[in-house]
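Colleague: Next up is a structure, given as structure tokens.
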Amino acid sequence: MQNFFIGMDTPDAPSLDQRKQPRIAFSGKGSLSSGTRSIEIAIGNISLSGLLFHTRERFDLGKKLNLKIKGEEGGKPFEEQLTGTIVAVHRGDDDHSYGLQFPAHLTLERQPHLFAKIQRTLHQNRS
């Protein structure tokens with residue numbers, strides 16, 4: 001049985017999708033630190049304000065995590081570090097999905113590769 005925890009489900013409840021930034025599909029891999037362990041994750045999508053990741057590990061809402069994201073931009077591999085807080089949880093039988101919100105939007109100065117990839121993809125999608 002699958003469970004999904006994010007908010008209220010009543011007729012007068014606000015929309016569950018509270019994203020302020022557009023998302024792009026992202027097929028990069030990453031790892032996160034939880035205590036002294038490094039846990040591999042698969043990233044499903046990303047925006048300037050957060051991302052969706054999948055893993056077999058269980059985390060609770062509100063958990064703060066440090067991530068390393070690996071990807072490719074302009075034909076070159078990159079690795080960038082981020083922090084975030086889990087704001088959405090979808091529990092599956094074997095695999096779990098998590099919405100992670102960054103404390104501040106990604107910027108060209110702090111995360112140049114991810115920022116460039118998101119901006120380029122959004123621009124291409126508008127064309």
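Read-outs throughout are calculated quantities, based only on the coordinates presented, and are distinct from any laboratory measurement. This is a predicted model, so every value here is computed, not measured. With ideal geometry, Cβ positions are generated from the backbone for all residues, glycine too; neighbour counts draw on all protein chains shown.
Colleague: Fewest to most neighbouring Cβ within 10 Å: what's the order for Thr55, Thr36?
Modeller: Fewest to most other Cβ atoms nearby, the residues stand as Thr36, Thr55.
Colleague: Same structure, new question: Under the 0.36 nm per residue contour assumption, what length would be gained going from the current alpha-carbon distance of Ala25 and Arg91 to full extension?
Modeller: Roughly 21.7 nm would be gained on extension.
Colleague: Contour minus end-to-end for Ala104 and Gln124, with contour as 0.36 nm per residue of separation and end-to-end as the Cα-Cα distance?
Modeller: Here the answer is 4.8 nm.
Colleague: Also: Taking neighbour counts of Cβ atoms within 10 Å as a proxy for exposure, in what order, fewest first, do Arg56, Arg23, Arg110 appear?
Modeller: So the residues, fewest neighbours to most, are Arg56, Arg110, Arg23.
Colleague: If you don't mind, there's one more thing I want to ask. Ignoring solvent entirely, what values of log10 I(q)/I(0) come out of the Debye formula for the range 14-126 at 0.24 Å⁻¹ when each Cα is a single scatterer?
Modeller: Debye intensities relative to I(0), on a log10 scale: -1.55.
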